[in-house]
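S.K.: Starting off with a structure, shown below.
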Amino acid sequence: RFLKELDGRDKTIKFFQYLFKILLHYKLVQAKTWSPMVSQFSMTRKLLRVGLFMGPIRELGFSNPNLMKSCFLLNEVGNTLADDIFCFYKMGLVNQQLGKKAEFIAIYCWFAGILHDLHENVQSLQELRSQQSIHDVDTLNEKIFTTQISIVKLIMDGVFCGCDIWQPSFSSGVQAWSGFFSGSISGYKLWRK
């Protein structure tokens, strides 16, 4: 069931992509053999996500969101549409200038989205923790746990994206590990549903 969903396939590929990035980073496997496979995993994941901008566009058009929600939906459209254009650049379908601009926009929109989602999850966690008087303690604890792992996943995404923005010298290893943990947590969350 997990692999039948698009998100499940994406998370499975992400897990192996970053597992092999870790192995490559520590030179535990031959780069000549495994680097091309990791690149193909990355391209496959990009292709799986092409067209995701339609979801937030539909929500903008049909749900009549408030101004703040509209801003976050527009950011999501910018992120996913820029990701698609960057994917098309990697496939050789658009020129380098457009591809690089799209990459820049995608990175910053993703970072803004991560910060927003992190803020929302921290607020949700605070609200859940204040509901200690609820009779169904198991359900409350489950919601708290799910929110906590969502926060950890978002922190890993933030670390990864921060390396894309600031490009520290150690970003290769940090991105391999943060991508691995983010993918593992995302897969775990999806598997639990």
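The values are calculated or read from the model by the stated rules, or taken from the named source; none is laboratory data. As the structure is a prediction and not an experimental result, all values here were calculated from the model. Glycine gets a Cβ as well: all are built from the backbone with ideal geometry, and neighbour counts include every protein chain shown. When the accessible area is computed, the model is the full protein with side chains, heavy atoms only, and any ligands, DNA or RNA have been set aside. Shrake-Rupley method; radii C 1.70, N 1.55, O 1.52, S 1.80 Å.
S.K.: In the set SER39, SER133, which member is modelled with pLDDT under 95, out of contact with any helix residue (DSSP H, G or I) (no Cβ under 6 Å at 6 or more places or on another chain) and not basic (Lys, Arg)?
M.R.: SER133
S.K.: Please state which of the following conditions LYS4 fails to meet, knowing it meets all the rest: (1) closer than 30 Å to ARG192 by Cα; (2) surrounded by 14 or more Cβ atoms within 10 Å (Cβ to Cβ).
M.R.: Every condition holds for LYS4 apart from (2).
S.K.: What pairs can you find where one residue is in the stretch 51-70 and over 19 Å from ASP84 (Cβ atoms) and at pLDDT below 95, the other is open to solvent by less than 80 Å² (accessible area, probe 1.4 Å) and of a type in the set (Phe, Trp, Tyr), and their Cβ atoms are less than 9 Å apart, with a gap of 6+ or different chains?
M.R.: Listed by first residue and then by second, the contacts come to PRO65/PHE72.
S.K.: Further question on the same structure: PHE15: open to solvent by less than 60 Å² (accessible area, probe 1.4 Å), within 21 Å of PHE180 (Cα to Cα) and either at pLDDT 95 or above or of a type in the set (A, V, I, L, M, F, W, C) (or both), yes or no?
M.R.: Taking the combined requirement at face value, the residue does not satisfy it.
S.K.: In addition: Would you tally the residues in the stretch 155-170 being assigned to a helix (DSSP H, G or I) and open to solvent by 40 Å² or more (accessible area, probe 1.4 Å)?
M.R.: 5
S.K.: Out of VAL152, VAL122, report the one residue that is closer than 18 Å to GLN175 by Cα, open to solvent by 20 Å² or more (accessible area, probe 1.4 Å), within 20 Å of the chain's Cα centre (by Cα) and at pLDDT 95 or above.
M.R.: Just a single option satisfies the conditions, and that option is VAL152.
S.K.: Okay, next question. Quick check on my filter: what residues within the stretch 171-182 are open to solvent by less than 40 Å² (accessible area, probe 1.4 Å) and under 11 Å from ILE22 (Cβ atoms)?
M.R.: Result: GLY173, GLN175, ALA176, SER178, GLY179, PHE180.
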